[in-house]
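The values are calculated or read from the model by the stated rules, or taken from the named source; none is laboratory data. Model, not experiment: these values are computed from the prediction. No Cβ is skipped: glycine too gets one built from the backbone with ideal geometry, and neighbour counts run over all protein chains shown. With ligands, DNA and RNA removed, areas are computed over all heavy atoms of the protein, side chains included. Shrake-Rupley method; radii C 1.70, N 1.55, O 1.52, S 1.80 Å.
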Amino acid sequence: MPITLDDAKTLLDELLTRYRAQVDYLAIRLEESAGTDILLRGSKIEALSEGIALGGQIRACHKGGWGFASFNRIDDIRAHLERAIAAARMVGDEETLLAEVDPVQAVRSLPLTGTDPRRIALSDKKALCDRYADILRSVDDRIATTSVRYGDNAQRIILMTSDGTLLEQSWVDMEMRFAATARSGETVQTGRETTGSRRAYEDLAGLDHQVRSAAQRAVDALALPSVRGNTYTVVIDPILSGLFVHEAFGHLSEADMAYENPDILEVMTLGRRFGPKELQIFDGAAPEGHRGSYYYDDEGVPATTTQLIEDGVLVGRLHSRETAGKLGEAPTGNARCLSYHYPPIVRMTNTWIERGNTPVDQLFDGIQEGVYARNWLGGMTNGEMFTFTAGEAWMIRNGKVAEPVRDVTLSGNVFTTLADIDAIGDDFFWDESGGCGKGGQSGLAVGCGGPSLRIRDVVVGGEADI
């Protein structure tokens, strides 16, 4: 049975009236969701399901201590509320510091520009996955394994807090992933693509070219030489730029990383120069139409656009109400949770590097020997350090793109790499493929964007000289 806003308001108002005096802050969130999951591996169906969920969460804060409870039976909400309050009162022994925000009374829904996936039959979604799987297999006999995954999720949340917020917000998110692995003898290469949308089912229904391209890259890479491991000047495309700014820099801009780690707080000192004067980095849910876009975060704070780096200098970071209160800074609307099972934590939304002024073809000028890397296969970060694997790459010789190579990994320290940005292209691309993981909450929808970049002294791993 769907929860009406009037019924929820009556229930939540009754609970807040009864319990708000026992803690410093109380938030109750109810959530409905409906989704589809399809996974094909080779010719086998590993997942084919539609599901609905109804549940909620309670957050209580007392003297700086937090209690949290999640539930999927509305009838049990009072017992869970009392448990959350008891936990907060048990651990709280300091001061509750939450940045002040104006209470919100609003009903908002992210608009679709095309077909709602809930109007598409499960059989039609399965047929779309079958078509993509057939395309992957048809590219070459050396395609050994394939996978296609489709997912959509419609969420509606109602949030009510002890400081006066009553918010209803809803959206629909969609994602599709596909990969092909080619094999020739002992050589194995993989090509993959991921895309997502909060706009229309049609955004996932016309991807034949991208699907075929992923499989073709895997096949073509079988015959390519490995790059010679060395330190190079590297040109990366906008997709890799978006991945870099999200993974390598964005997580360090999340303020819970700073106040929980004095070393990171010291490094991430506002006013410190990290890159060239041309470098501008932003994060924000306010730009419309991206997978990290929304009107209010999961604490009821309005979406913003936050400049993190201005003219190469660190000027901002991302906050929940608690981190903003503890650091004496303004909240930015970056408290997010994956679902009612998890409490909101500081998360990125849409993170991007602003376009520069250098024509893309001039990024290669003056590079005697370098690497041009596009797209991505994977990557990892560990604090300040990162390693990313490019989806495809070429050598740069005498200022020109030359022969293709494979097995290109880019490694380095994020702060050194930012300082080594030598030129910023005048192109730009939004990558809507992001599914971010943090604190056990994996797959949170985000957007990434950026221009092409030329970066000095990047460690490129590949085949070592013997």
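Miscellaneous remarks
- Identity of the residue in segment 335-375, outside any strand (DSSP E or B) and aromatic (Phe, Trp, Tyr), that ends up farthest from Ser293 (Cα to Cα): Phe364
- Search result, residues across segment 54-71 that are in contact (Cβ under 8 Å) with a residue 60 or more places away in the chain and open to solvent by 40 Å² or more (accessible area, probe 1.4 Å): Trp66, Phe68, Ser70
- When Phe415 is tested against (1) among the hydrophobic types (A, V, I, L, M, F, W, C); (2) in a loop (DSSP other than H, G, I, E, B); (3) open to solvent by 10 Å² or more (accessible area, probe 1.4 Å), exactly one condition is not met: (2).
- Condition check for Leu444: of a type in the set (A, V, I, L, M) and either closer than 18 Å to Gly391 by Cβ or over 21 Å from the mean Cα position of the chain (by Cα) (or both): no
- Selection count where residues are hydroxyl-bearing (Ser, Thr, Tyr) and under 26 Å from Asp256 (Cβ atoms), scope segment 77-120: 1
- 2 or more residues open to solvent by less than 10 Å² (accessible area, probe 1.4 Å): qualifying helices (runs of 4 or more DSSP H) within segment 235-334: 238-244, 255-259, 321-327
- Test: residue in segment 148-164 that is touching a residue at least 60 places away in the same chain (Cβ under 8 Å), in a strand (DSSP E or B), open to solvent by 10 Å² or more (accessible area, probe 1.4 Å) and of a type in the set (Val, Ile, Thr): no
- Ile74 meets the conditions (1) surrounded by fewer than 18 Cβ atoms within 10 Å (Cβ to Cβ); (2) at pLDDT 95 or above in every case but one. The failed one is (2).
- Residue in segment 439-455 that is open to solvent by less than 40 Å² (accessible area, probe 1.4 Å), part of a strand (DSSP E or B), of a type in the set (Ser, Thr, Tyr) and within 17 Å of Gly379 (Cα to Cα) present: no
- Residue pairs whose Cβ atoms lie under 7 Å apart, sitting 6 or more positions apart in sequence or on different chains, and linking a residue in segment 285-311 that is touching a residue at least 60 places away in the same chain (Cβ under 8 Å) and within 25 Å of Thr194 (Cβ to Cβ) to a partner that is among the acidic types (Asp, Glu) and surrounded by fewer than 24 Cβ atoms within 10 Å (Cβ to Cβ), are Arg291/Asp173.
- Residue list for segment 105-125, filter: charged (D, E, K, R) and surrounded by fewer than 16 Cβ atoms within 10 Å (Cβ to Cβ): Arg108, Asp116, Arg118, Arg119, Asp124
- Selection within segment 120-139 - part of a helix (DSSP H, G or I), touching a residue at least 24 places away in the same chain (Cβ under 8 Å) and over 18 Å from Arg41 (Cβ atoms): Leu122
- Condition check for Ala21: farther than 30 Å from Ala179 by Cα and without any contact (Cβ under 8 Å) to a residue 24 or more places away in the chain: yes
- Some residue of segment 130-139 being among the charged types (D, E, K, R), open to solvent by 20 Å² or more (accessible area, probe 1.4 Å), over 30 Å from Gly185 (Cα atoms) and modelled with pLDDT of 95 or more: no
- Taken over segment 218-234, residues that are in a helix (DSSP H, G or I) and within 25 Å of the chain's Cα centre (by Cα) amount to 0.
- Residue within segment 77-99 that is modelled with pLDDT of 95 or more, in contact with a Gly (Cβ under 6 Å, 6 or more places away or on another chain), closer than 30 Å to Arg198 by Cβ and not basic (Lys, Arg) present: yes
- Only one of the listed residues (Arg212, Arg192) is part of a strand (DSSP E or B), more than 30 Å from Gly366 (Cα to Cα), touching a residue at least 40 places away in the same chain (Cβ under 8 Å) and not hydroxyl-bearing (Ser, Thr, Tyr). That residue is Arg192.
- Residues that are crowded, with 22+ Cβ neighbours inside 10 Å and under 19 Å from the mean Cα position of the chain (by Cα) within segment 350-374 comprise Asn350, Thr351, Trp352, Ile353, listed in sequence order.
- Single residue of segment 380-411 satisfying the filter (at negative phi, small (Gly, Ala, Ser) and in contact with a helix residue (DSSP H, G or I) (Cβ under 9 Å, 6 or more places away or on another chain)) that is surrounded by the most Cβ atoms within 10 Å (Cβ to Cβ): Ala390
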